Amino acid sequence: MPELKLISANFDVPGRSGIEVYIRGGGYRAARRAFDALTPEQVIEEVKKSGLRGRGGAGFPAGLKWSFVPRESALPKYLCCNADEGEPGTFKDRLIMLKDPHLLIEGIIIACYAIGIHTAFVYVRGEYVAEAAALQRAVDEAYAGGFLGANLFNKDFALDVLVHRGAGAYICGEETGLIESLEGKRGNPRLKPPFPALVGAFQGPTVVNNVETLANVPMIIEKGGEWYAAIGPEKNTGTRLFAVSGHVNKPGVYELTMDVTARELIYDYCGGVSGAGKLKAFIPGGSSSPCLTADEVDVQMSFDALMKAGSMGGSGAVIVLNDTVDIPKLALRTLKFYEHESCGQCTPCREGLPWLVKILTRMLDGRGAPGDVDLMLEICDSIFGKTFCPLGDAAAMPTRGFLMKFRGEFEELTAGGKAETA
Amino acid sequence: MEATKTVLSPEARREAESLMKKYPDPGAALLPILHIAQREFGHISTDVEEYVAALTGLSTTRVHGVVSFYTMYRKAPGGKYLLQLCTNVSCTLAGAEDLLGHLIRRLGVSPGETTPDGKFTLLTVECLGACGSAPAMQINDDYHEELTAEKIDRLLDSLV
Ligand SMILES: Cc1cc2nc3c(=O)[nH]c(=O)nc-3n(C[C@H](O)[C@H](O)[C@H](O)COP(=O)(O)O)c2cc1C
Ligand code: SF4
Ligand code: FES
């Protein structure tokens with residue numbers, strides 16, 4: 001089956017990042033339809049009907065999130081578009097910003113109309129200099145074209161969009177870390193509740209949505225929530241931009257419905273496993289998601305099926321590992337990332353991660369002790385679910401996955417393991 | 001008080017001032033203003049922190065806290081070209097370790113160090129969001145992808 005290109009349909013159209021080509025291709029029609037024909041409540045209803053789930057990591061239903069924001073608020077409400085794209089393995093939001101930035105802006109306009117928001121921020125990771133510039137150009141064009149600013153679509157509705165660059169910190173992709181960072185502070189996540197929908201940026205009610213999530217909104221408004229809901233498996237509707245990297249012959253971004261299996265993704269779309277080896281394992285949803293083994297390759301790449309398989313859909317980033325990969329080494333590399341990115345606010349994460357790094361480093365140096373594997377699992381348990389923000393889980397879950405699915409490789413590094421195999 | 005020579009150019013200062021007006025709270029312009037300051041001064045010294053604090057009306061503690069939190073703010077002077085090699089998972093699977101070895105040998109410096117001629121600073125960084133075309137390296141603002149040792153050699157030779 002070919003890819004089902006809805007989001008990426010126009011990525012290759014020459015000049016598409018400019019507003020003229022965008023409008024010629026039917027752009028800003030959905031926003032106009034929302035303003036002309038639908039009440040804000042009806043827009044939220046369509047998005048709810050579509051079943052659209054957040055593409056940033058948690059898969060939370062977008063329409064439901066929007067409906068949590070109070071209609072009336074003493075303080076201004078805000079939309080934060082999350083373009084931090086820091087989850088290792090993920091490289092799809094940048095394509096939207098570079099190749100079809102007006103699609104994102106149109107999604108933002110519709111979301112703001114629906115929720116009653118007059119200021120939106122796009123928080124772009126600091127390294128994405130070209131992406132932020134492309135988006136800023138598109139924002140400038142949208143202002144000039146009357147799609148941003150005052151009196152949108154002849155309604156008494158104003159909307160400002162600010163492109164804001166981060167400065168290198170993975171934790172600022174977490175929604176409350178993002179809000180703190182946007183406010184010009186260290187990106188230390190906030191304790192929830194209160195949830196951002198009630199108390200977010202500048203204390204106002206705030207919605208945080210991923211770039212790809214918002215880019216889905218125009219087509220939902222143009223073609224209807226029911227149309228969208230019929231695409232893909234139930235409760236996992238629409239397409240996803242799967243970003244595939246690692247040991248495949250044709251890495252890249254593939255837009256597919258979520259009934260695609262990992263096998264189809266890897267072998268049919270990505271040209272199979274690269275290098276000398278066979279498939280050993282794959283990480284289905286960014287480095288925070290627990291790996292699945294070659295035996296599990298027939299899993300459907302939907303939020304729900306991956307959850308059932310003990311992993312998660314996460315950011316849609318698939319990292320493929322062939323059987324030359326040394327799993328303990330990979331686990332250490334992953335752990336070091338989370339250790340480096342921990343904000344240090346809470347003890348289980350701040351102390352647990354360096355401890356895990358230390359034990360695994362020792363094991364890889366040939367100084368493993370019997371019981372090390374169980375000790376690591378215990379530390380993972382002491383982190384999981386006990387931290388301020390989900391970064392702790394994001395480190396503990398994949399580590400536990402590596403330890404449990406490839407226990408033998410870790411045991412070999414401990415004295416006990418060596419004694420047994422000797 | 002002693003006059004400090006750490007002053008933004010008039011255009012940069014105007015840019016910073018207009019940024020402060022764009023946000024619901026002027027303090028929210030701190031990250032973008034620090035990007036501007038880094039563009040002008042090359043790195044964020046204590047002097048620059050103090051200058052930015054005065055400009056924004058924020059405490060130096062707040063400014064310093066922010067500068068130290070984010071990896072992209074350079075705390076010390078560096079080379080003309082900042083070589084930021086990604087060593088996260090997908091890049092490592094694609095051979096980033098070998099490329100790092102190559103860079104270390106070619107430049108004669110370790111990650112975090114600058115070549116004696118002041119031309120290159122070598123850094124290892126986390127995932128750049130270019131995993132589909134790994135291994136990747138960002139040189140100043142620009143991405144370079146699908147790297148090999150030969151490609152790196154050609155790249156570095158082309159930088160003057
Ligand atoms: C440590 C951490 C990093 C995250 N990084 C990102 C990111 O880079 N981009 C993103 O969209 N969501 C990221 N998320 C998820 C956000 O917290 C949030 O759920 C998401 O932006 C909501 O948007 P959505 O509902 O449209 O998916 C991250 C979460 C955690 C815990
Ligand atoms: S879990 Fe880690 S990153 Fe999250 S708040 Fe605690 S220390 Fe910070
Ligand atoms: S792992 Fe290197 S760019 Fe993502």
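Data table
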read-out	value
Listing of segment A:321-354 residues, each with accessible area lower by at least 20 Å² in the full protein assembly than in the chain alone (probe 1.4 Å)	A:330, A:333, A:337, A:340
Solvent-accessible area per residue, Å², over segment B:11-129 with all protein chains present [probe radius 1.4 Å]	43
Residues in segment A:272-298 that a label on residue A:249 would reach, taking backbone N under 14 Å of a point 7 Å out along Cα→Cβ	A:272-279
Selection from A:293, A:19, A:70 lying farthest towards where the dipole of the protein assembly as shown points positive, charges on Cβ	A:70
Amide H contacts of residue B:120 (H built 1.01 Å from N, under 5 Å, at least 5 apart or other chain)	B:80, B:81, B:115
Segment residue A:99-residue A:324, extension gain: residue separation times 0.36 nm, minus the distance between their alpha carbons	77.4 nm
FRET E, pair residue A:362, residue A:5, Förster distance 30 Å, beta-carbon r, rounded to 0.05	0.05
Segment A:102-145 - percent of accessible surface contributed by carbon and sulfur, probe 1.4 Å	56
Reduction of at least 20 Å² in accessible surface, 1.4 Å probe, comparing all protein chains with the chain by itself, residues of segment B:115-160	B:126, B:127, B:128, B:129, B:131, B:132, B:138, B:141, B:143
Dipole of segment A:69-161 [Lys/Arg +1, Asp/Glu -1 at C-beta], most positive-end residue of A:101, A:153, A:121	A:153
Percent carbon-and-sulfur accessible area, segment A:184-311, ignoring ligands, DNA and RNA, probe 1.4 Å	53
Model label zone, residue A:309; criterion: amide N under 13 Å from point 7 Å along Cα-to-beta-carbon; scope segment A:263-279	A:263-267
Simple Cβ-charge dipole of the protein assembly as shown, Lys/Arg +1 and Asp/Glu -1, about Cα centre, in debye nearest 20	540
Protein accessible surface hidden between B and A, which excludes ligands and nucleic acids, total in Å², probe 1.4 Å	3200
C-alpha long axis of helix B:46-56 to longest principal axis of chain B, angle in °	50
Inter-site label distance for residue A:133 and residue A:407 at 7 Å from Cα along Cβ, in nm	5.3
Value at 222 nm in deg cm²/dmol, rounded to 500, when DSSP H runs of n ≥ 4 in the protein assembly as shown each add -39,500 (n - 2.57)	-12000 deg cm²/dmol
Derived scalar couplings ³J(HN,Hα) [segment B:153-160; Karplus, 6.51 cos²θ - 1.76 cosθ + 1.60; whole Hz; x for Gly, Pro]	4, 5, 4, 5, 5, 7, 8, 10
Whole-percent carbon and sulfur share, accessible surface of segment B:58-111, 1.4 Å	55
Solvent exposure, largest accessible area first (probe 1.4 Å, DNA, RNA and ligands not counted), of A:346, A:270	A:346, A:270
Separation between Cα centres of segment B:41-112 and segment A:89-152, rounded to whole Å	28
Calculated from backbone phi, Karplus (6.51, -1.76, 1.60) coupling profile of segment A:290-296 in Hz, x at Gly/Pro	x, 6, 10, 8, 3, 5, 9
Cα-derived Rg to Rh of the protein assembly as shown, Kirkwood definition	0.96
Degrees separating the helix B:10-22 axis from the principal Cα axis of chain B, which is the longest one	80
Nearest 10 degrees, 0 to 90: helix A:347-362 Cα axis against chain A principal axis	40
For residue A:119, distant residues with modelled amide H under 5 Å away	A:79, A:160
Point-to-point label distance, residue A:263-residue A:68, nm (Cα→Cβ direction, 7 Å offset)	3.8
20 Å Cα-Cα reach of residue A:77 towards aspartates and glutamates, excluding residues that sit fewer than 8 places from it in its own chain	A:41, A:45, A:106, A:156, A:160, A:174, A:175, A:180, A:183, B:25
Distant-in-sequence amide H partners of residue A:231 (H built 1.01 Å from N, under 5 Å)	A:238
Note, ³J(HN,Hα) from phi for segment A:320-331, Karplus 6.51, -1.76, 1.60, rounded to Hz, x at Gly and Pro	9, 10, 8, 7, 8, 6, 8, 5, x, 5, 5, 4
Spin-label pair residue A:157/residue B:148, simplified geometry with 7 Å Cα→Cβ offset, distance in nm	5.3
Distance violations [Cα-Cα > 28 Å] among A:92/A:235; A:5/A:65; B:22/B:80; A:280/A:308	B:22/B:80
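The values are calculated or read from the model by the stated rules, or taken from the named source; none is laboratory data. Note that this is a predicted model, so its numbers are computed, not measured. So basically every Cβ, Gly included, is an ideal-geometry build from the backbone, and we count neighbours across all protein chains shown. Calculation scope for accessible area: heavy atoms of the full protein, side chains included, ligands and nucleic acids excluded. Shrake-Rupley method; radii C 1.70, N 1.55, O 1.52, S 1.80 Å.
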